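Asker: One structure, as structure tokens, below. Some questions next.
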Amino acid sequence: MINNDSLFQRALKRIEENRNREHNCLSFESLFPKFSEYLPGIMQKTSYLITASSKVGKTQIGDFMFLYHPYNFVKNNPDSKIKIKIFYFSLEMDLESKITAGISKRIYENDNIVVPVNQILSMNRKNRLSDDIYTRILGAEKY
């Protein structure tokens with residue numbers, strides 16, 4: 001049997017602690033200012049489901065919101081004391097393809113240069129990698 005007084009006190013303690021914390025979640029405010037009024041960010045003890053039709057970008061939005069954003073947030077806010085642990089299971093692509101997509105994203109974030117995955121993989125003879133882009137790829141290893 002649960003003691004309601006202690007349960008209320010535990011909930012009240014959490015409310016009070018959150019009032020004084022700078023970061024209570026991994027905020028989406030910088031990504032989606034209006035949307036973050038309804039979904040403030042990634043919160044502990046919360047499940048998220050992304051659903052839509054085929055080929056509309058569920059994987060990309062999921063990666064953006066729940067893989068890259070948390071990583072970048074923690075990296076850019078080392079004083080937040082937030083620790084993340086990401087378990088990633090993909091039924092769509094292998095690990096090397098996921099890393100290649102991440103390299104493309106990182107080059108865009110750092111250098112504002114769009115380098116499609118097909119170009120990174122030199123799939124088109126006319127659009128092979130330049131030495132400059134290859135050097136940028138090598139610079140993305142730690143990311």
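The values are calculated or read from the model by the stated rules, or taken from the named source; none is laboratory data. Not measured: the values here are computed from a predicted model. Positions of Cβ are generated from backbone atoms using ideal geometry, with glycine treated the same way; all protein chains shown enter the neighbour counts. The accessibility values were calculated without ligands, DNA or RNA, using every heavy atom of the protein model including side chains. Shrake-Rupley method; radii C 1.70, N 1.55, O 1.52, S 1.80 Å.
Asker: Condition check: among the hydrophobic types (A, V, I, L, M, F, W, C), modelled with pLDDT of 90 or more and loosely packed, with under 10 Cβ neighbours inside 10 Å. Does Ala101 satisfy that?
Answerer: Answer is no for this residue.
Asker: Just for the range 35-50: of the residues that are hydroxyl-bearing (Ser, Thr, Tyr) and open to solvent by 70 Å² or more (accessible area, probe 1.4 Å), which one is farthest from the chain's Cα centre (by Cα)?
Answerer: So the residue we want is Tyr38.
Asker: Quick one: is Asn118 among the polar types (S, T, N, Q) and either part of a loop (DSSP other than H, G, I, E, B) or touching a residue at least 24 places away in the same chain (Cβ under 8 Å) (or both)?
Answerer: no
Asker: State which residue is farthest from Ser27 (Cα to Cα) when the search covers only the range 58-86 and only residues that are out of contact with any helix residue (DSSP H, G or I) (no Cβ under 9 Å at 6 or more places or on another chain) and outside any helix (DSSP H, G or I).
Answerer: Taking the candidates together, the pick is Lys85.
Asker: Given the conditions (1) out of contact with any Gly (no Cβ under 9 Å at 6 or more places or on another chain); (2) open to solvent by less than 70 Å² (accessible area, probe 1.4 Å), report the number of the one that Leu26 does not fulfil.
Answerer: Against the list (1) out of contact with any Gly (no Cβ under 9 Å at 6 or more places or on another chain); (2) open to solvent by less than 70 Å² (accessible area, probe 1.4 Å), Leu26 comes up short only on (1).
Asker: I would also like to ask the following. What's the total number of residues in the range 121-143 that are open to solvent by 70 Å² or more (accessible area, probe 1.4 Å), at pLDDT 90 or above, not hydroxyl-bearing (Ser, Thr, Tyr) and not in a loop (DSSP other than H, G, I, E, B)?
Answerer: Result for the range 121-143: 4.
Residues are listed down the side, and each one gets a yes or a no for (1) in a loop (DSSP other than H, G, I, E, B); (2) open to solvent by 70 Å² or more (accessible area, probe 1.4 Å); (3) without any contact (Cβ under 8 Å) to a residue 24 or more places away in the chain:
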| residue | (1), (2), (3) |
| --- | --- |
| Ser6 | no, no, yes |
| Lys13 | no, yes, yes |
| Leu31 | yes, no, no |
| Ala52 | yes, no, yes |
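Asker: Oh, and also: Return the residues of the range 75-101 that are closer than 20 Å to Pro40 by Cβ and touching a residue at least 12 places away in the same chain (Cβ under 8 Å); say none if nothing qualifies.
Answerer: Residues satisfying the conditions are Asn77, Ser80, Ile82, Ile84, Ile86.
Asker: What number of residues in the range 122-143 are without any contact (Cβ under 8 Å) to a residue 24 or more places away in the chain, hydroxyl-bearing (Ser, Thr, Tyr) and within 28 Å of Val74 (Cβ to Cβ)?
Answerer: 1
Asker: Give the residues of the range 60-81 that are more than 18 Å from Tyr143 (Cα to Cα) and open to solvent by 30 Å² or more (accessible area, probe 1.4 Å), sorted by residue number.
Answerer: Correct list: Ile61, Asp79, Lys81.
Asker: With (1) outside any helix (DSSP H, G or I); (2) surrounded by 10 or more Cβ atoms within 10 Å (Cβ to Cβ) as the list, and Asn110 as the residue in question, which single condition is left unmet?
Answerer: Only one criterion in (1) outside any helix (DSSP H, G or I); (2) surrounded by 10 or more Cβ atoms within 10 Å (Cβ to Cβ) is unmet by Asn110, namely (1).
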